[in-house]
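What follows is calculated from the coordinates using simple rules that are stated; it is not laboratory data. Note that the structure is a prediction, hence the values are computed from the model and not measured. Counting neighbours? That spans all protein chains shown, and the Cβs are built from the backbone with ideal geometry, glycine included.
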Amino acid sequence: MASSEKITISVLKADIGSLVGNSTIPEIFEETASDILDKYKGEKIFDYFVSHVGDDLNLIILHNKGENNREIHQIAFEIFKKNSEIAKEMNLYGAGGDLLKNEFTGSLIGMGPGVAEMEFTLRSSESIIVFAADKTESGAFNYPLFQMFVNPFNTPGLVIDPDMRPGFRFEVWDLYNHKRIYLNSPEEVYDLLLLIGTSERFAIKRVYPRSDKYPNDEPVAVSSTERLYEEAGRYAGKDDPVMIVRAQKGFPAVGEILEAFSFPYMVNGWMRGSYWGPLLPVSLKNARATRFDGPPRVIALGFQVKKDKLYGPEDLFDDPAFDYTRNKALEIADYIRRHGPFEPHRVSYEDLLTTTVKPILDKLIQRFEDIK
């Protein structure tokens with residue numbers, strides 16, 4: 001199957017300041033990140049790639065130090081902090097944004113930035129796709145993960161690949177109560193759907209293979225599930241999740257993984273984190289949010305991975321095959337926008353309480369009187 005060597009992919013993201021509202025970031029952010037990562041290349045890290053989607057800076061780092069490693073997270077903190085200082089000098093919108101603490105605490109988890117990491121044994125050929133979304137919630141990847149690893153109409157490998165027929169194990173987090181549950185597919189698929197259909201509360205954190213051919217404790221997919229509202233204690237922007245998915249050889253093929261995004265499904269977020277809208281798959285050159293601060297969008301970067309090298313990325317949504325999806329998403333966006341402040345465009349009352357509207361609602365509640 002592979003060598004016995006393990007490597008770690010860390011995807012660390014943060015909104016630390018936006019150029020022209022919430023649309024994008026200045027080039028200097030990526031340049032600063034690359035300069036700092038270059039200092040550690042060959043010493044603490046093997047390779048890296050820096051990108052962005054909307055106003056989020058994304059760091060993709062290859063190393064062998066395992067998940068939640070202090071040294072790796074400290075490098076990312078150094079990058080985010082330096083860029084926060086630049087953002088403040090430039091008077092950018094939301095300067096410092098996701099970075100909720102000025103001093104490093106040993107891990108980025110709980111400090112505001114999003115984190116998706118996986119440590120795994122390299123196969124003889126290792127393909128991965130890194131997804132990064134903007135203007136949406138932690139559970140935004142529930143739908144495509146279900147399509148990739150459960151639905152044979154999306155992923156025929158579940159029927160015809162002997163190594164996929166045993167199914168997959170899902171680690172689902174209850175984001176409100178800070179608990180998790182493990183559910184097996186296909187036998188517990190209805191229980192899985194019952195939970196992950198409520199994407200505001202339940203999010204798929206990891207997916208594990210069940211085939212004996214692969215270590216069952218090494219994930220094939222992992223997403224960030226940090227809720228910025230809970231960490232900040234106030235509305236500080238949407239969670240804007242990132243995700244890593246391994247492809248091929250007993251896992252969904254690259255084409256099956258991307259097929260899960262061929263339908264522009266609805267996600268929570270968009271303007272001020274208060275509206276539902278279609279998730280728009282875009283290329284890197286279109287990874288900026290404009291109309292109504294959106295629509296919510298996602299990029300897909302493909303890499304071929306060696307022990308010490310990331311080959312790529314391939315900008316996988318930069319393909320006319322997704323034009324129909326994008327056109328459909330824009331049609332849906334136009335339709336849902338006509339609802340204005342009415343549901344189902346606006347999020348539910350409960351979700352509004354996690355946005356900037358909460359102080360207004362609190363005052364209105366005090367004015368209600370009993371009906372006699």
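Tabulated results
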quantity: Gyration tensor (Cα) of the stretch 1-97, equivalent ellipsoid semi-axes in angstrom; calculated: 28, 13, 10
quantity: Nearest-0.05 FRET efficiency for Leu194 and Ile360, computed from C-beta distance (R0 45 Å); calculated: 0.85
quantity: Of Lys82/Lys328; Lys81/Lys135; Lys213/Lys309; Lys285/Lys358, those spanning more than 31 Å from alpha-carbon to alpha-carbon; calculated: Lys82/Lys328; Lys285/Lys358
quantity: Chymotrypsin sites (Phe, Trp or Tyr not before Pro) within the stretch 80-156, DSSP loop, no more than 11 other Cβ atoms inside 10 Å; calculated: Phe153
quantity: Qualifying trypsin sites (Lys or Arg not before Pro) for the stretch 65-153 [loop in DSSP, other Cβ within 10 Å: at most 12]; calculated: none
quantity: Beta bridges by DSSP in the chain, antiparallel share as percent, to the nearest 5; calculated: 95 percent
quantity: For the chain, the longest site-free run once GluC sites (Glu not before Pro) in DSSP loop states with at most 11 other Cβ atoms within 10 Å are removed; calculated: 188-368
quantity: Efficiency of FRET between Ala321 and Phe292 - r from beta-carbon atoms, R0 30 angstrom, step 0.05; calculated: 0.70
quantity: Modelled FRET efficiency - R0 35 Å, Glu187 with Glu350, Cβ distances, 0.05 increments; calculated: 0.65
quantity: Linear extension gain, Gln304 paired with Arg210, 0.36 nm per residue minus alpha-carbon span; calculated: 31.5 nm
quantity: Leading residue at positive end of dipole, the stretch 2-365 (Cβ point charges), from Phe342, Leu158, Val115; calculated: Phe342
quantity: Cα coordinate range in the stretch 176-307, projected on the principal axes (Å, largest first); calculated: 47, 37, 30
quantity: Stokes-Einstein D for the stretch 2-365, Kirkwood Rh over Cα pairs, 4 °C, 1.567 mPa s (µm²/s); calculated: 63 µm²/s
quantity: Pair Leu284, Asp174: separation of 7 Å Cα→Cβ label points (nm); calculated: 4.2 nm
